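The next block holds one structure in the form of structure tokens; read it before the comments.
Readers should treat all values here as calculations from the given coordinates under stated rules, not as data from a laboratory. Nothing here was measured: the structure is a model prediction, and the numbers come from that model. Cβ placement follows ideal geometry from the backbone for every residue including glycine, while neighbour counts extend to all protein chains displayed.
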Amino acid sequence: MSHQLSGNCGCGQVKFAIKAAKANVVNCHCNRCRKLNGSSFSTYFVVAEQGFEISEGENYLSDYSSSENARKHFCKQCGTPIYNQNLKYPNLRMVHFGAINFLEEVQPNVNIFCESILSWVALNGEIPSFEQEIKK
């Protein structure tokens with residue numbers, strides 16, 4: 001399945017395009033994602049580095065080292081998270097689902113770090129769930 005999507009930050013300064021032959025959509029329930037994104041869990045469109053391109057406003061991007069392995073990239077004007085990079089997966093970009101335009105046809109296909117899931121979050125039993133991250 002091929003995806004060609006676009007997205008932007010809340011103020012519209014940062015715009016990006018995703019062109020990927022294949023991607024995973026991941027719900028991450030870890031405590032770090034919950035804290036950094038202010039939500040009960042985070043959903044990411046995981047795509048190969050070459051399938052992700054900042055098309056406008058790269059000078060509006062800022063980044064934050066959220067751990068020894070991870071960097072979060074966000075709009076420095078409005079704060080919208082755009083994508084994450086992880087040294088464990090250097091050729092991937094974890095694009096924040098909320099920054100992508102029109103996602104009705106794209107749905108999560110895995111839950112990770114379910115050991116940290118909040119008791120009131122209901123999982124879809126049709127989506128595989130893992131206590132921690134998926135090992136290579």
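Loop-located GluC sites (Glu not before Pro) in segment 75-122 (DSSP state not H, G, I, E or B) with no more than 13 neighbouring Cβ atoms inside 10 Å: GLU104, GLU105.
If the chain linking GLN4 and LYS88 were pulled fully straight, counting 0.36 nm for each residue of separation and taking away their Cα-Cα distance, it would gain 27.7 nm.
Maximal additional length on extending the GLN107-GLN77 stretch stands at 7.9 nm, based on 0.36 nm per residue less the C-alpha distance. Counting Cα-Cα pairs of segment 3-116 in 10 Å increments starting at 0 gives whole-percent bin shares of 14, 50, 33, 2. Inverting the pair-averaged 1/r between distinct Cα atoms of segment 49-136 gives 15.1 Å as its Kirkwood hydrodynamic radius. A Cβ-based charge dipole, computed about the Cα centre of the chain with Lys and Arg at +1 and Asp and Glu at -1, lands at about 280 debye.
Set the Förster radius R0 to 25 Å, insert the Cβ-Cβ distance between VAL121 and ASN24 as r into 1/(1 + (r/R0)^6), and round the FRET efficiency to 0.05. With a Förster radius of 25 Å, E is 0.80. Using the beta-carbon distance between GLU53 and ARG32 and R0 = 22 Å, what value does 1/(1 + (r/R0)^6) give for FRET efficiency, to the nearest 0.05? Calculated transfer efficiency: 0.25. Among ALA17, ALA122, ALA48, the residue with the largest mean-square fluctuation in a Gaussian network model of the chain, with springs joining Cα atoms closer than 10 Å, is ALA122. Which chymotrypsin sites (Phe, Trp or Tyr not before Pro) in segment 36-110 sit in a loop by DSSP (not H, G, I, E or B) and have at most 13 other Cβ atoms within 10 Å of their own Cβ? Of the chymotrypsin sites (Phe, Trp or Tyr not before Pro), the ones in loops of segment 36-110 whose Cβ has at most 13 other Cβ atoms within 10 Å are PHE102. Were the residues from SER62 through SER40 laid out at 0.36 nm apart, the gain over their Cα-Cα distance would be 5.5 nm.
Of the GluC sites (Glu not before Pro) found in segment 5-75, those in coil by DSSP whose Cβ has at most 10 other Cβ atoms within 10 Å are GLU68.
Reducing segment 64-136 and segment 1-56 to their Cα centroids gives an inter-centroid distance of 8 Å. Restricting attention to the chain, lysine pairs at least eight places apart or on different chains and with alpha-carbon atoms under 17 angstrom apart total 7.
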